[in-house]
Amino acid sequence: MAPRSQGLPGPSWVGFLLLVLWPVSAVDIYTPKSLEVLNGTEVRLKCTFRSYSAVGSKLTVSWHFQPEEPGRSEFVFYYSEEPFPPTSGRFKGRVTWDGNIHKNDGSIILWDTKPSDNGTFQCHVRNPPDVDGPTGEIQLRVVTKVTFSEIHILAFIIGAVCFLMIVIVVVVVICRYRKRRHGDTESEVEETELPEKENLKETEKHLLEEGA
C-alpha cells in the first residue's frame, strides 16, 4: 500500500479554499428614491444595474409593490429573456417593459396612475453567478395637483437666466445700432457743412479782391 502524501491538501480542502478565496460579487441596483406623478398619467420606474458577470439568459428582473396600507407585497412585472406582464391584479394591462438588459436597464412604465398606487415599488435583478444584491426601492406618490418641487424651481431659475441673457443681448444690439446711426448722422452733417464753408471762403475772397 502506497504511503499517503504528506502536506498536500485533499479535494475537500481545495474546494473550501476556492470557495473562500474566489471573488464574490453582488449586483448593484440604482433607482430614484422617490417619484411624484400626476393622477391619470404614466410614470417611468427607472431601475438600472451593474453586474460583474456577463449579462446572459440567466438574468432576471422582478418588480413588486408594497402598498402604504399594511399587507403583503404584490407582483408587478417579471423579465426573463422576455417580458412577463401581470395577468391579474391591480396592475393588469397597466405595466409595460421599457428596459434593455444589454444596456443594464430594467425599467418599466406604469400607465394610468391612481392614488391606490401610492407605495413602494421594488426592483430586484439577479444575474448568476453574481450573488443577490440589495433591492432597489422607489417611493411613488400620486397627486391630483403637481406641487412646486425643486425641479420646477430649477426650471424657473434657468428660464429667468435665459430671459435675462436675451434682454441683455437685445439692449447691446440696440445700443450699437443707435451709436452707428448717430455716427452716420454726424458724417452727413460734416459732408453738408464742408461745401458751405468753402463757398463762404470763396465769397470772402472775391469781396476782398473787389475792394482792393
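The values are calculated or read from the model by the stated rules, or taken from the named source; none is laboratory data. Source: prediction; values computed, not measured. Note that each Cβ is placed from the backbone with ideal geometry, even for glycine, and that neighbours are counted across all protein chains shown.
D105 fulfils the conditions (1) at pLDDT 95 or above; (2) not assigned by TED's automatic domain parsing to the domain that holds C47 except for a single criterion, (2). The strands (runs of 3 or more DSSP E) found entirely in the stretch 67-173 that carry 1 or more residues being within 24 Å of the chain's Cα centre (by Cα) and on the phi > 0 side of the Ramachandran plot are 119-126. Yes or no: T60 of a type in the set (V, I, T) and either in contact (Cβ under 8 Å) with a residue 60 or more places away in the chain or more than 21 Å from Y30 (Cα to Cα) (or both)? Yes: the conditions hold for T60. The set of residues in the stretch 42-66 being part of a loop (DSSP other than H, G, I, E, B), of a type outside the set (K, R) and under 14 Å from D130 (Cα atoms) consists of S51, Y52, S53, A54, V55, G56, S57, L59.
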